[in-house]
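The values are calculated or read from the model by the stated rules, or taken from the named source; none is laboratory data. Please read all numbers here as calculations on a predicted model, not as lab measurements. Neighbour counts are summed over all protein chains in view; Cβ atoms, including those assigned to glycine, are modelled from backbone coordinates with ideal geometry. Surface accessibility is based on the protein's heavy atoms, side chains included, excluding ligands, DNA and RNA. Shrake-Rupley method; radii C 1.70, N 1.55, O 1.52, S 1.80 Å.
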Amino acid sequence: MLTKNNQLNTEKKASGRLSGWKNFRLPHFLNTRLGLFTTVGVLLWFKNLLAYTTDFHLRLENFNEWIILVINPIATTFFLLAVALYVRKTRRAYITMMVIYFLMTLLLFSNLVYYREFTDFITVNTMLGAGKVASGLGESALRLFRAYDIFYWIDFIIVGGLLLTKKIKMEDRPVRARVAVSISLLSAAFFLFNLFLAETERPQLLGREFSRDYIVKFLGLNAFTVYDGVKTYQTNQVRAEASDSDMVAVEEYVNDHYAAPNDETFGIAKGKNVIYIHLESLQQFIIDYKLKDENGVEHEVTPFLNSLYHSNSTFSFENFFHQVGQGKTSDAETLFENSLFGLSQGSMFTQIGGKNTFEAAPAILDQTQGYTSAVFHGNAGNFWNRNETYKHLGYDYFFDANYYDVTDENSFQYGLHDKPFFEQSVQYLEHLQQPFYTKFLAVSNHYPYSQFTDDEAGFPLADTPDETINGYFATANYLDKSVEEFFNYLKASGLYENSVIVLYGDHYGISSSRTKDLAELLGKSKSLWNDFDNAQLQRVPYMIHIPGQEDGGINTTYGGQVDALPTLLHLLGVDTENYILLGQDLFSSAHDQIVAFRNGNYVSSKYTMLGSNIYETATGRLLVEPSEEVQQEAEAMKEAANTQLSMSDQINSGDLLRFYTKSGLKTVDPTSYNYKGQLEQIVKIEKEKGDESTSAFSKNDGKSTVDEYITNTYQGYGNQQ
Ligand code: GP9
Ligand code: MN
């Protein structure tokens, strides 16, 4: 306790120094524990809002999202600060409050500095490897500070100073336990309310963990950090319990399940570039589909893709199914890159993609064939945790939204639209050393399919009671045009002849809850529409276009995304016997044609089993009372599908590939990739190689091929045709 004299002295001294403040009196409530608690809470809240509106770029889609953003720091800030209210002893209580205040400020501040460099938030994993991050930042750390950063600290300094100089007096009387508990409960209740609003706006926010941007946007930074910490702990536990002996069963399965390559197709694309084109949400039913407009005139939805589908140079598959779970696009990527499934819940990319050891396509092709690898995507790099996962998969480069000119006009909530996306990608593509393994992730054909519903789309809307279905054809048509423009560029730039171009749909676009309204457009009856029809609709395009090949055609084999990697590797002349791939080459005669869905159901060329119902695949007939023999055969297939899924789960959750050495591959070192300044990186390599450089740019005598790109772009963006 201060004596009166002391107090007067301090006041005198202070007023001597700060003469302008002579008459300034701090409001009385600051001298109470609750008053200071509230003030600090509000200051922290405002600082979060400052960060939201200055440094973090959290795309807000509507007014609701604004509201959620504004309120989201409140609950956790007060909940955490309230810990100090339980401390009874005066000094200790104030110190506790100041420590929490400091930590929350530090968390916010570190995140925003980190965000300036990486356009991402700090995960617990990143914190654990903080040295790595710091070295990544290097000398650049200083240039990440801004003059206005003082606003993140000035309040803390002032409050601390006022406490130290006793301008703010410490209240001796502890906060009543009942009050402290009420504040904690109220904050918790407010958090639930916040969570409810968030889940309404963005269902399965936590379950699917799309992106760190989303979690911060909806629940705030504190909640994100805690959530991420819990998740990290959980996955680390499972991982810690796994050992190399767990690989025995996996290796046995892979050996038994291996399908040897087909002599006729093995190596036919050896040494060629691989260009994957990810056709967002495109389903197989769109191929060759013609939509009737109100006058009964038919419009081909994807004329260009159809021409590829029927080309002699394309190996097309009409019974190819997606196998994704909640991780949607990222699960499709997991399947294509690793021949492993996504997880039974959530996304493999977000949960463990940034931690596990993989033997993925980029690493295999780099180490065995000298391929350079790159992903192109006009959305934020942290969506689906791609910026971390790609490093673990061994991708040399990742061109995310930072590398594109993204404006409100040329983009929507999932990033840059496809035409400008492909167009702007080629300035990087032309500098990549060949052969390359690349992936272009398109997005425009993404739910809610309201992107091109105005006249500019130039494609009619369907006429069903469901807006989502109605817009789907126009966005698919836009995707088709975008891909065509990209193909034209590939031809003009000389890359085409030397490439194999693989196009695939990642998953359904029209979810099963909406398909009844689609029935009539597919010539089916709405009332008879059933689960079997929905299962059939999970077909997605899969086309392997090899310029110069004449033996292509439409293949009727049943297969799924898990089969894509062995199929591709065999075409490139890479045997897969020693790799842990769960799928099988679709050209192999040993291919077993059982396609597991992520939920354990399956489709095969013979039966389709959904829950306990067995259907005959060829006719769609439900086998109401199947014979013992049929039942056994169908169950055996189910067992096969489930074994494949459970092998995948064991590999992923136990991080088992870290124990595997028989592939002869070197373990990928994620820290050796730097996704910043990549144009400089690839141009530097080009220069160093000189005459040896194989990039399209070098092959074009050091002249850019970018002008070869002709686009008739949506909303006047780019060169008009
Ligand atoms: C976002 C895009 C969409 O970057 O890949 O992912 P999805 O919602 O389809 O899983
Ligand atoms: Mn997708």
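Structure data summary
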item	result
Violating pairs (Cα-Cα greater than 23 angstrom) within the set K290/K328; K419/K687; K272/K355; K290/K516; K89/K166; K419/K491	K290/K328; K419/K687; K272/K355
Potential extension, K89-E639 segment - 0.36 nm per residue separation minus Cα distance	191.7 nm
Above-threshold pairs, the threshold being 24 Å between Cα atoms, out of K439/K676; K231/K638; K292/K526	K231/K638
5 angstrom amide H check on V274, placed H, neighbours 5+ away	F436, Y437, T438, V500
FRET efficiency, 1/(1 + (r/R0)^6) with R0 35 Å, evaluated for A492 and E264 via beta carbons	0.65
Aspartates and glutamates whose Cα lies under 17 Å from that of K217, excluding same-chain neighbours fewer than 8 positions away	D55, E61, E65, D120, E199, E201, E209, D228
Folded to 0 to 90 degrees: helix 247-257 orientation relative to the chain principal axis, Cα	30 degrees
Sites N64 and S589, calculated FRET efficiency, Cβ-Cβ separation with R0 56 Å, nearest 0.05	0.50
Residue-level accessible surface for K270, protein heavy atoms, 1.4 Å, Å²	120 Å²
Within straight-line cross-link reach of K481, aspartates and glutamates at Cα separation under 13 Å, skipping those fewer than 8 residues along the same chain	E300, D418, E423
Between 0 and 90°, nearest 10: helix 33-54 axis offset from the chain longest Cα axis	40 degrees
Cα pair distances of the chain binned at 20 Å [whole percent]	16, 45, 28, 10, 2
The chain - share of DSSP beta bridges that are antiparallel (%, nearest 5)	50 percent
Order of exposure, largest accessible area first, which applies to E409, E300, E467 with probe 1.4 Å	E467, E409, E300
Cα long-axis angle, helix 90-118 against the chain (0 to 90 degrees, to the nearest 10)	40 degrees
Rounded FRET efficiency, nearest 0.05, which uses the C-beta distance separating Q631 from K666 and R0 of 51 Å	0.60
Extension gain, F102 back to A147 (0.36 nm per residue minus Cα-Cα distance, nm)	14.2 nm
Fraction of the pair-distance distribution of region 220-270 above 14 Å, Cα-Cα pairs, percent	73 percent
Potential lengthening between S704 and F24 on full extension [0.36 nm per residue; Cα-Cα distance subtracted]	238.2 nm
Candidate aspartates and glutamates for bridging to K662, where Cα separation is under 18 Å - those fewer than 8 sequence places away on the same chain excluded	D244, D246, E251, E252, D256, E359, D366, D575, E577
In region 172-234, trypsin sites (Lys or Arg not before Pro) in a DSSP loop with at most 12 other beta-carbon atoms within 10 Å	R176
Listed residues I168, I150 arranged by accessible area, highest first, probe 1.4 Å	I150, I168
Spacing of the two label points (7 Å from each Cα toward its C-beta) at R621 and A188, in nm	5.9 nm
Solvent exposure of region 177-216 as accessible area per residue, Å², 1.4 Å probe	49 Å²
Convex hull volume per residue for region 24-238, taking Cα atoms only, in Å³	151 Å³
